[in-house]
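Have a look at the structure below, then the notes.
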Amino acid sequence: MVLTLSICAKKARYVSEADALLAIAKATITLRHYACDRCGEFHLTSRTKGKRIARPVTD
Ligand SMILES: [Zn+2]
């Protein structure tokens, strides 16, 4: 739980969807916003639907 909150604090947070969309509009890379169920605000992610990003398997 502490770890999750810490991640939230490190990420940019937007209090409204409009703020998140404004940040996306300014960004030079494709971003997507999502409502965070932990802090109740919005974060941005570079992971977009339909575009798989290879992630190393750490197992
Ligand atoms: Zn959050």
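The values are calculated or read from the model by the stated rules, or taken from the named source; none is laboratory data. For clarity, every value in this text was computed on a predicted model and none was experimentally measured. Don't worry about glycine lacking a Cβ; one is built from the backbone with ideal geometry, like all the others, and counts go over all protein chains shown.
Quick notes on this structure:
- Cβ pairs under 9 Å, 6+ apart, first in the range 10-21 and hydroxyl-bearing (Ser, Thr, Tyr), second within 14 Å of the ligand (Cβ to nearest atom) and part of a loop (DSSP other than H, G, I, E, B): TYR14/GLU41; SER16/GLU41
For (1) assigned to a helix (DSSP H, G or I); (2) modelled with pLDDT of 95 or more; (3) more than 14 Å from the ligand (Cβ to nearest atom), each residue gets a yes or a no:
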| residue | (1), (2), (3) |
| --- | --- |
| THR4 | yes, no, no |
| ILE7 | yes, no, no |
| ALA12 | no, no, no |
| ALA20 | yes, yes, no |
| TYR34 | no, no, no |
